Amino acid sequence: MAENILNSINSPDDLKGLSLAEMNQLADEIRRFLINCVAHSGGHLAANLGVVELTLALHFVFNAPADKIVWDVGHQSYIHKILTGRREGMTSLRQYGGISGFPRIDESVYDAFNTGHSSTSISAALGMALARDLQHESNSVVAVIGDGALTGGMAFEALNHAGNVGTDLIVVLNDNEMSISKNVGAMSSYLNRLRTDPDYSRKKEHIETTLNRIPGIGPKVARFAGRFKDTIKFLMVPGMLFEELGFRYIGPVNGHDLEELTLVLANARKMRGPVLIHTLTEKGRGYEPARKNPDVFHGVGPFDIKTGSVFKKPVKTYTEIFSDWITEAARQDDRIVAITAAMASGTGLSEFARLYPERFFDVGICEQHAVTMAAGMARQGLRPVVCVYSTFLQRAYDQVIHDVALPQLPVIFAVDRAGLVGEDGATHQGAFDMSFLRIVPNLVIMAPSNEKELGDMFHTALNLPGPAVVRYPRGGGEGIKVEKSHQLLESGKATVLQEGNDLAILAIGRGVGIARDAAEMLQEKGIRAKIINARFLKPLDEKIICQAGAAQGRLVTIEDNSLCGGYGSAVLEVLAAANIKAEVLRIGIPDEFIEHGRVDILFDYIDMNPESIVARIINRWPDIINNKTLELRKIGEK
C-alpha cells in the first residue's frame, strides 16, 4: 500500500482504481491534511471532517463533472475541492487571490453550482435534472444537503416539486444533527426517530412485501388493501414522510463506512425517479476539539492544532458587546425575547439562551419564519430581537416590509456581519442591507462607529414605538469600554466630531474610523476637514447634510455598504431636494461582488483605506492642495 495516497489524487478518476483499504487510508490522510490547512487559514472545519468518506464515495461512484454534484451551503466542500485538482490551492483557502471556501463555477468545472446560502441545493439539482431530460442526456444529478439546511422552507418546496415531477434525482441527506447551532424543530425530531431505529429499512421492506401478497379479489378489496397497506406503514414505519413526497427512501446509512456508502450510492444511481439517501455522519470526526465543540469549529479562525485553541484578538467584538447588552436588557425587561435562525453562537446569543431559555427561540434555518414570528410576538406586547447576519436577512425581505414595517411593529433587528466580512467572500459580504432597508417606510436604521454607540443604539431601539435596525460589522471595534448604562439617542440626529472649512466628510458605521484617519492625513497637508458621524441612515439628519453642503460645498461620504442606493445616495437625494449644488465624492463598496480575503486587503482593493481616500480627494479637487500650498508659501513670505 502506498505511503501517501493523497499526493497521487489529482482528479476523481484517480479514485476509481483504489481498493477499500486504500480508500480508508486516503480518508485518514485527507483529515490530517485538512486540519493542517484550516489551522493555518481558518475556515469551516467540523462539517468537512464529517463528510470525508461521503465525498470520497460520491466521487468514486459518480463521474463528475459529467455527473452533477450540488453541495448545499457549500461550506462542507473542502474535500470535494481536494479531490478535484485543488489540493495545492488549499494553502490559499479563503485568502485574497486564493481559492474560495465555497463552490464556484468559475473556479472549477467540478463545481456544478455556486452556493453559500442554505437550502438551495435540491432546487438547483432539480433544475439541472429537468434540463438534462429536455436535452435527452443521461447523466446523474446529486444534491447533498444537511439536516440543518433541510429545515429551510425552500428545501421542502423543492422536495415537493421533485416528487411530483418524478424525474431521476438523488438527494443525499447528510445528517449530523447540527447546522451551526444544534438542530431544532419537528424535522430534527423526525430524523432522530429514523436515526434511532436501526431496523427501519428491514421493517419497511418486510411490511411492504407482506402486504403486497394480499390477493386483490375485486376492485373494492383492492382499494381496501391499498388503504390498509398505507395505514399499516404509517403505524409501524416512522420514515414515510419522504416516500409520501414521492421519493424512494434509503437509510439510515453509516456515513463513515465507505463500503456501505459506495454500495448504496451505486444502487441509487441505477434507480429510476427521485431517491433520498439518509446518511449519518459526525461533525468534527477525527479531531477531538472539533468533535466536542462543532459549533466553535463550524467557522473558525486560525488555531493551535495541539490544543484546539483559537488565536483571538484582544479587542472585544461587536457581537460580544451585543451579547452583553441583550442579556443585561433582558434582566431588566421581561418583554425582551431573542430569535435566531440556527445562529445562536454566531450572533452572540449563547449566554442569553443559557440565562433565559424560555425567552430564547431558535427557529432553524428559516429567516422568513423568524421575522414574521417576531412580528406576531410584537403584536402581543413582547419586544422581540431578531439576531441575523446581514447576508441572511436578504432571505426575509418581504417579511420585513409586509409583516413588520407596514404595521409598524416594534421588532428590533440586530444585523450582524454588516459590510465586508472578509474570508467567507461574495456570498457572505453584508454589502446590501443599507440599500435594501432604507427604502422601507417606518424603519429606523442605525450604524455605530464604536462599541459605546452600539449599546446606545440598542437602548434607543428598545425605546422606540416601531421597528428598528442596528447594523454592525464583524470583528472588534476600537477597544472602548462599554458601561451598563446607555444614552438615549435623538432619532435621526448626527454628530460633528471635528470642525473644518475645506470640505466635510460624512461617514456612517465603520466608515467613521476611516474618516478620522483620512482627516488626520489631510491635516498634515494643511487641509481641514469637518467630520460628521451620521449614526442614523434613517431618518437622515437632513439639516446637518444641507448645512455642510452649503458651507463646505465639497462633501465626501464613506460607508461600508454598496454605493448603489446606500448612504451616499441618500445624501445626494437630500441635497437635490433642497436644491443645494454641492459636489459629492461617494466612497464605499462598488457595484460588484467582492471576493474573499482579509477585510483590510479588501478595503485596499476598493480604495476605501485612508491613503486611497486622501488621494481620491486630491484627485477630485486638486485646487484644494494647490491653494493650501499657496497659502503656506504666503505665510512663509510674511
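What follows is calculated from the coordinates using simple rules that are stated; it is not laboratory data. Keep in mind the model is a prediction, meaning the values are calculated, not measured. FYI the Cβ positions are ideal-geometry reconstructions off the backbone, even for glycines, and counts take in every protein chain you see.
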If you stretched the chain out fully between residue 380 and residue 4, how much longer would it get, using 0.36 nm times the residue separation minus the C-alpha to C-alpha distance? 129.1 nm
Normalised by the empirical 2.2 N^0.38 Å for globular proteins, what value does the Cα Rg of region 318-471 take? 0.93
Using a Förster distance of 41 angstrom, determine the FRET efficiency expected from the C-beta separation of residue 310 and residue 547, and round it to 0.05. 0.30
In region 1-100, the GluC sites (Glu not before Pro) that sit in a DSSP loop and have at most 11 other Cβ atoms within 10 Å of their own Cβ are 3
Applied in sequence order to region 511-520, the curve 6.51 cos²θ - 1.76 cosθ + 1.60 (Karplus, θ = phi - 60°) yields integer Hz couplings, x standing for Gly and Pro, of x, 5, x, 5, 4, 4, 5, 5, 5, 4
Between the alpha-carbon centers of region 432-451 and region 549-623, tell me the distance in whole angstrom. 17 Å
Among the listed pairs 452/581; 312/525; 68/270; 316/493; 452/493, those beyond 25 Å (Cα-Cα): 452/581; 312/525; 316/493
Restricting to Cα pairs under 8 Å and 6 or more apart, the percent relative contact order of the chain works out to 11 percent
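Starting from the Cα gyration tensor of region 383-537, take the square roots of the eigenvalues, sort them a ≥ b ≥ c, and report rounded, prolate or oblate (rounded when a/c is under 1.5, otherwise prolate if a/b is larger than b/c, else oblate).
Taking the square roots of the gyration eigenvalues as a ≥ b ≥ c, region 383-537 is prolate.
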How do 45, 409, 443 rank when sorted from fewest to most other Cβ atoms within 10 Å of their own Cβ? 409, 443, 45
So the angle from the long Cα axis of helix 153-165 to the longest Cα principal axis of the chain, reported in degrees to the nearest 10, equals 40 degrees
Residue exposure sequence - 78, 605 - by fewest surrounding Cβ within 10 Å: 605, 78
With a ≥ b ≥ c the root eigenvalues of the C-alpha gyration tensor of region 495-637, is it rounded (a/c under 1.5), prolate (a/b larger than b/c) or oblate? oblate
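Using just the helices of the chain, give the 222 nm mean residue ellipticity in deg cm²/dmol: DSSP H runs with n ≥ 4 each add -39,500 (n - 2.57), and the total is spread over all residues, rounded to 500.
-12000 deg cm²/dmol
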Among (1) 105, 101, 84; (2) 85, 66, 61; (3) 111, 61, 50, only one was calculated for this model; which label is it, if the read-out is Cα extents along the principal axes in Å? (3)
Here region 22-34 yields Karplus 3J(HN,Hα) values (6.51, -1.76, 1.60; θ = phi - 60°; whole Hz; Gly and Pro given as x) of 5, 5, 5, 5, 4, 4, 5, 5, 5, 4, 5, 4, 5
Where does each of 264, 400 land when they are ranked from fewest to most other beta-carbon atoms within 10 angstrom? 264, 400
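In the chain, what % of DSSP beta bridges are antiparallel (nearest 5)?
Of those bridges, close to 15 percent are antiparallel.
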Specify the angular offset, from 0 to 90 degrees and rounded to the nearest 10, of the alpha carbon long axis of helix 186-195 from the longest principal axis of the alpha carbons in the chain. 40 degrees
Using per-residue counts of other Cβ atoms within 10 Å, averaged over each peptide, order 301-309, 493-501 from highest down. 493-501, 301-309
Pairwise label distance in nanometres, residue 241 with residue 134, each label 7 Å out on the Cα-Cβ vector: 3.1 nm
For the pair residue 269 and residue 576, how long in nm is the line joining their label points, each one 7 Å along Cα→Cβ? 5.8 nm
Taking Cα atoms, how many degrees apart are the long axis of helix 610-620 and the longest axis of the chain, rounded to 10 and kept between 0 and 90? 60 degrees
Could you give each residue of region 286-301 its phi-based ³J(HN,Hα) in whole Hz, using Karplus coefficients 6.51, -1.76, 1.60 with θ = phi - 60°, and x for Gly or Pro? x, 9, 4, x, 6, 5, 6, 10, x, 5, 5, 9, 5, x, 10, x
